[in-house]
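The values are calculated or read from the model by the stated rules, or taken from the named source; none is laboratory data. As the structure is a computational prediction, the values presented were derived from the model and not from experiment. Every residue, glycine among them, receives a Cβ derived from its backbone with ideal geometry; neighbour counts consider all protein chains shown.
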Amino acid sequence: MARLSARRIALNALRTWRKEKRFADSIVSESLVKAELIESDRAFAFELFYGVLRNLTLLDFWVGCLRASRVDADLRDVLRLGLYQIFLLKTAPHAAVHETVNLVPQRQRPIVNGMLRAAIRRQGELLARADAEPLFVRASHPKFLVERWQQHFGAQYADELCQWNNRPAPVYGRINQQKIDREEFLRLYPDSRPLTRNPEFIEFDLIPTEAIRQGHCYIQDPSTAIACQILSSRAGETILDACAAPGGKTAYIAQLMENRGTIVACDRDPERLQILKENMARLGVGIVRIFDHDWTRGHLPTEIASMAPFHRILLDAPCSNTGVMRRRVDARWRLQPSDFVRMQQRQLEIICALLPLLKQEGTLVYSTCSLEPEENEQVVQRALTSASILRLEEQKRSLPFQDGLDGAFAAKFIRSA
Ligand SMILES: C[S@@+](CC[C@H](N)C(=O)[O-])C[C@H]1O[C@@H](n2cnc3c(N)ncnc32)[C@H](O)[C@@H]1O
């Protein structure tokens, strides 16, 4: 009975996602988190919802193999859920069919029952047919995205990247050394595993609610540290974190500055700024001044202007998120081929707005969690061409299939005197 609830909740969430076109994470926090489920059922509902979203094209391929005629969208969601359990989650076939059939009205039960039973009977054949499909079907990514990755990274890495995106992401956190030192953290949270290549980061099996509540750690991928580290901020400086919310990088920069100096944290999203504010309080960051500002609109607030010029500016830019698709499960289904150039224009526009605020010999770090040259190397080249006062000092990136972490890019510019 409890399992049925988990399936019902996952189905409702899938329908909401399809109809309302909202972010998957926001649907999860609304419907799944609030649902009164025991922990294992909640985890099962999460698994079903995100698992189906990760495998949409493949599941629809199998729906197409099982039924030549049109399948209504609501029914398709149920079939996706059933086939996900049978083929990918390897749920006991009887339970998968029985519980999935129970999700639909009486009149649809024979269709769902018939199709899922046929899927079980034809399992070997259907798996083999899927294996023969091109990567974008097998790994359920938009065709244009797979083709561009094949072009940029080669067939092998494109394949690995798609597989990477389809595996649930580990839970990584950064030890917040403003509140606790590393040894004490590891003693207090023995379930955490330190990462050898990134000693400030730890891995957990489950979300460490107590460590988060205490402000002892912040959940973030180690790749997010790159931009903060090359910013090289020092205690006592005045830093602008231009697109700061929800504050993962702000808090790390504050730690690197030993909580001395000033960080002006801006963002255009008031809700995310509220989360930033709460995060700073929990993490014990006391040097942040927060402003709601859109760098592509309106006048610069005098409070921000009065703090310029800044020693260093971090622009952690809005981007396509192609480096973090294992975490933003539905990001792949939102992207359009024209988005990369559109994002590039916005990224350059923000850089232009920030340059006058940077001190001579000051540092600007531009970062994204995108893997796309339009948003990374091309932005750097265009910024250098259009702003002769900038020189490029350093460029770093993390690639999932090479570095085993989320994708990230960071470029460090110096403003010439
Ligand atoms: C990659 S996220 C920042 C993540 C953040 N640095 C962190 O580490 O937690 C990009 C942020 O840019 C903000 N943003 C997008 N366009 C903006 C604009 N024109 N002006 C100011 N903020 C913007 C978004 O609201 C979003 O919070």
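Residues to consider are Arg42, Arg8; find the one that is in the same structural domain as Pro134 (by TED's automatic domain parsing), within 19 Å of Arg327 (Cα to Cα), surrounded by 15 or more Cβ atoms within 10 Å (Cβ to Cβ) and out of contact with any His (no Cβ under 8 Å at 6 or more places or on another chain).
Values: Arg8 fails: within 19 Å of Arg327 (Cα to Cα).
Step by step, each of Arg42, Arg8 is checked, and only Arg42 is in the same structural domain as Pro134 (by TED's automatic domain parsing), within 19 Å of Arg327 (Cα to Cα), surrounded by 15 or more Cβ atoms within 10 Å (Cβ to Cβ) and out of contact with any His (no Cβ under 8 Å at 6 or more places or on another chain).
Quickly run through segment 269-296 and pick out the residues that are within 7 Å of the ligand (Cβ to nearest atom), under 18 Å from Leu357 (Cα atoms) and surrounded by fewer than 17 Cβ atoms within 10 Å (Cβ to Cβ).
Once the filter is applied, which keeps residues that are within 7 Å of the ligand (Cβ to nearest atom), under 18 Å from Leu357 (Cα atoms) and surrounded by fewer than 17 Cβ atoms within 10 Å (Cβ to Cβ), segment 269-296 yields Asp294, Thr296.
Here's the yes/no breakdown for (1) touching a residue at least 24 places away in the same chain (Cβ under 8 Å); (2) over 23 Å from Val146 (Cα atoms); (3) not aliphatic (A, V, I, L, M):
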position	(1), (2), (3)
Leu348	yes, yes, no
Leu357	yes, yes, no
Cys369	yes, no, yes
Lys412	yes, yes, yes
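Number of residues in segment 388-417 that are crowded, with 16+ Cβ neighbours inside 10 Å and either of a type in the set (A, V, I, L, M, F, W, C) or at positive phi (or both): the value is 10. The single condition from (1) within 11 Å of the ligand (Cβ to nearest atom); (2) among the β-branched types (Val, Ile, Thr); (3) touching a His at 6+ places or on another chain (Cβ under 9 Å) that Ile304 fails is (1). For segment 307-320, filtered to residues that are under 30 Å from Glu147 (Cβ atoms) and not in a strand (DSSP E or B), the residue that is farthest from the ligand (Cβ to nearest atom) is Ser320. Scanning segment 45-81 for residues that are crowded, with 17+ Cβ neighbours inside 10 Å and free of Cβ contacts under 8 Å to residues at least 12 places away in the same chain turns up just one, Val71.
Reported count of residues in segment 156-211, each being among the β-branched types (Val, Ile, Thr) and surrounded by 14 or more Cβ atoms within 10 Å (Cβ to Cβ), is 4. Of the helices (runs of 4 or more DSSP H) contained entirely in segment 14-90, those carrying at least 3 residues that are small (Gly, Ala, Ser) and more than 24 Å from Gln123 (Cβ to Cβ) fall at 39-54. With respect to Ala242, is the statement that it is away from the ligand (no atom under 11 Å from the Cβ), in contact (Cβ under 8 Å) with a residue 40 or more places away in the chain and buried (at least 24 other Cβ atoms within 10 Å of the Cβ) true? Here the answer is no, as Ala242 does not meet what is asked.
For segment 237-277, a residue qualifies if it is within 15 Å of Asn176 (Cα to Cα) and out of contact with any helix residue (DSSP H, G or I) (no Cβ under 9 Å at 6 or more places or on another chain), and the qualifying residues are Met257, Glu258, Asn259. Does segment 74-81 include one or more residues that are over 19 Å from Ile9 (Cβ atoms) and hydrophobic (A, V, I, L, M, F, W, C)? Checked against the condition, which is being over 19 Å from Ile9 (Cβ atoms) and hydrophobic (A, V, I, L, M, F, W, C), segment 74-81 yields no hits at all. For first residues located in segment 321-337 and over 13 Å from Arg148 (Cβ atoms), partners that are charged (D, E, K, R) and lie 6+ apart or on another chain with Cβ distances below 6 Å form the pairs Asn321/Arg328; Gly323/Asp406; Val324/Asp406; Met325/Arg332; Val329/Arg54.
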